[in-house]
Amino acid sequence: MRILFLDQSGKPGGAELCLIDIAKPYCVGFASRRHRALVGLFADGPFKDLLQQNNIPVEVFVTQAIQVRKESSLLQGLKSLGQLVPLITKVVKKAREYDLIYANTQKALVVGALASFFSCRPLVYHLHDILSTEHFSQTNLRIAINLANRFASLVIANSQASKTAFVQAGGRQNIIEVVYNGFETKKYQTDESDINKLQQQLGLQGKFVVGHFSRLAPWKGQHILIDALAKCPPEVTAIFVGDALFGEQDYVQKLHQQVAELGLENRVKFLGFRSDIPQLMTACDLVAHTSTSPEPFGRVIVEAMLCGKPVVAAKAGGAMELVEHGLNGFLVTPGEPQELAQVINTCLQETEITATIANNARTTASRRFDVAIINQQIAQLLSQRF
């Protein structure tokens with residue numbers, strides 16, 4: 001089966017990292033099986049480089065990013081039509097060289113649906129979002145549901161939470177299946193000497209380190225961890241890995257201001273975007289997930305589990321499908337720094353119990369989310385439907 005994968009982003013987010021794992025098996029021996037798979041992007045950037053590093057063929061279809069966001073209105077969407085028409089034309093032409101169009105994001109769904117119609121190729125939509133008005137404008141929500149219902153032969157949801165939201169918003173129950181994200185477990189096995197060096201470089205030795213790994217955005221809740229940190233003993237330190245996207249620099253300034261007002265300058269480190277995530281997670285004593293709105297899946301939760309680290313996650317959305325409180329992690333009420341601080345202090349004091357929970361997490365994550373098993377599930381769905 002020859003697949004044309006579509007993605008809107010030039011930057012690697014959770015959906016894009018997932019796409020690498022899905023596309024890679026179709027690109028093995030690409031030189032001898034020409035055009036078996038291609039990833040088409042709607043923006044240039046570091047994601048293209050990452051695909052190429054993984055020997056995945058990639059083509060950037062546009063030179064200017066499409067100026068429509070999840071919260072955009074109908075008028076804003078109409079203004080982007082001038083960009084969409086030439087893009088759709090290119091995708092239609094390219095799609096005719098393939099057997100299947102695989103849309104990995106919402107903008108990819110819009111383009112992929114129309115390309116599917118004009119090229120007479122079936123469409124798969126991989127749903128990485130909770131389709132609700134918390135994250136999308138009413139206009140974009142209706143567009144996504146109507147296009148999926150009308151054009152998609154299969155919708156793959158990354159969690160039961162994403163599937164439930166899709167159906168509640170009007171999506172067809174008979175076209176959607178749940179497949180969790182997959183992970184190469186070997187990537188999360190690290191060398192102890194490397195971790196010690198990293199801790200020295202960052203000045204983390206002798207500290208109880210809480211790590212937060214996500215883009216800096218209000219709904220990701222970095223401010224909640226900062227508030228919780230102020231309620232913890234002085235040896236508790238936080239590192240924030242990730243940077244702002246989509247014009248969220250104001251939030252970053254507010255975070256720095258919050259740190260200063262609470263007198264936490266010596267206990268908080270903003271590390272920006274990093275590529276050494278497994279090493280940084282392993283250097284932590286606890287990984288915190290603090291999203292204020294339901295998370296579709298929670299990729300960093302599984303990554304921390306695979307690193308053998310305890311996780312505390314906001315009790316909502318996909319996180320509740322990954323974490324069993326007190327068994328392989330901790331769950332706290334979203335937006336409650338006091339609860340979060342209590343879990344941090346428990347992990348600081350109850351080291352044996354926390355170590356058992358972390359070991360349980362690594363075992364269950366390795367079993368449930370191994371990329372080979374996940375890719376087999378996707379391949380089976382594709383073979384059944386097409």
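The values are calculated or read from the model by the stated rules, or taken from the named source; none is laboratory data. Bear in mind that the values here come from a model prediction, so they are computed numbers and not experimental data. FYI the Cβ positions are ideal-geometry reconstructions off the backbone, even for glycines, and counts take in every protein chain you see. Note: accessible area is taken over every heavy atom of the protein model, side chains too, but ligands, DNA and RNA are not part of it. Shrake-Rupley method; radii C 1.70, N 1.55, O 1.52, S 1.80 Å.
Quick notes
- Heavy-atom accessible surface of the stretch 144-286: percent carbon and sulfur, 1.4 Å: 45 percent
- The Cα center of the stretch 324-386 and the Cα center of the stretch 84-115 differ in position by 35 Å.
- The stretch 321-386 - Rg (one decimal) and Dmax (whole number), Cα, Å: 17.0, 54
- Long-range amide H partners of Ile3 with built H, under 5 Å: Ala37, Leu38, Asp99
- Semi-axis lengths, largest first, of the ellipsoid equivalent to the stretch 87-242 are 41, 20, 14 Å, with √(5λ) applied to each eigenvalue of the Cα gyration tensor.
- Projected label points at Ile353 and Asn146, each 7 Å from Cα along the beta carbon direction, are separated by 5.3 nanometres.
- Above-threshold pairs, the threshold being 26 Å between Cα atoms, out of Lys197/Lys269; Lys186/Lys231; Lys197/Lys231; Lys163/Lys186; Lys24/Lys187; Lys11/Lys90: Lys186/Lys231; Lys197/Lys231; Lys163/Lys186
- Using the Karplus relation 6.51 cos²θ - 1.76 cosθ + 1.60 with θ = phi - 60°, the per-residue 3J(HN,Hα) values for the stretch 111-125 come to 5, x, 5, 5, 5, 4, 5, 7, 9, 6, 10, x, 10, 10, 10 Hz, with x marking Gly and Pro.
- When you work out D = kT/(6 pi eta Rh) for the chain at 10 °C and 1.306 mPa s, using the Kirkwood radius from C-alpha pairs as Rh and the Stokes-Einstein form, the result is 73 µm²/s.
- 3J(HN,Hα) couplings calculated from phi for the stretch 221-227 with the Karplus curve 6.51 cos²θ - 1.76 cosθ + 1.60 (θ = phi - 60°) are, in sequence order, x, 4, 4, 5, 5, 4, 4 Hz; Gly and Pro show x.
- Accessible surface calculations at 1.4 Å, restricted to protein heavy atoms, place the stretch 200-243 at 34 Å² per residue.
- Spin-label zone in the stretch 8-25 - amide nitrogen under 20 Å from a point set 7 Å from the Cα of Glu97 along the C-beta vector: 8-9, 20, 23-25
- All other residues whose Cβ lies under 14 angstrom from that of Phe240 are scored, Lys and Arg at +1 and Asp and Glu at -1, for a net of +2.
- Zone of Gln53's modelled label, taken as backbone nitrogen in the stretch 236-256 under 18 Å from a point 7 Å along Cα→Cβ: 241-243
- 5 angstrom amide H check on Ile176, placed H, neighbours 5+ away: Val155
- In sequence order, calculated HN-Hα J values of the stretch 105-110 (Karplus, 6.51, -1.76, 1.60; Hz; x Gly/Pro): 9, 5, 5, 5, 5, 4
- For Thr185 and Gln258, the difference between the fully extended length at 0.36 nm per residue and the C-alpha to C-alpha distance is 22.6 nm.
- For the pair Thr133 and Val167, the difference between a 0.36 nm per residue extended length and the Cα-Cα distance amounts to 10.8 nm.
- In units of the compact-protein estimate 2.2 N^0.38 Å, the stretch 159-216 shows a Cα radius of gyration of 1.93.
- With bins 10 Å wide beginning at 0, the percent of Cα pairs of the stretch 184-249 falling in each bin runs 17, 38, 35, 10.
- Only protein atoms count toward the accessible area here, which uses a 1.4 Å probe; on the stretch 311-386, the carbon and sulfur part of that area reaches 49 percent.
- The charge dipole of the chain, taken about its Cα centre with unit charges on the Cβ atoms of Lys, Arg (+1), Asp and Glu (-1) only, comes to about 1680 debye.
- Mean projected area in nm² (Cα convex hull; one quarter of hull surface) for the stretch 83-160: 5.2 nm²
- Proximity of backbone amide H atoms, modeled 1.01 Å from N, is registered between Leu127 and Ile156, Ala157, Asn158 at under 5 Å, excluding neighbours fewer than 5 places apart on the same chain.
- Beta bridge orientation in the chain: antiparallel %, DSSP, nearest 5: 0 percent
- Among Arg299, Arg215, Arg2, the sequence by solvent-accessible area, most first, with a 1.4 Å probe is Arg2, Arg215, Arg299.
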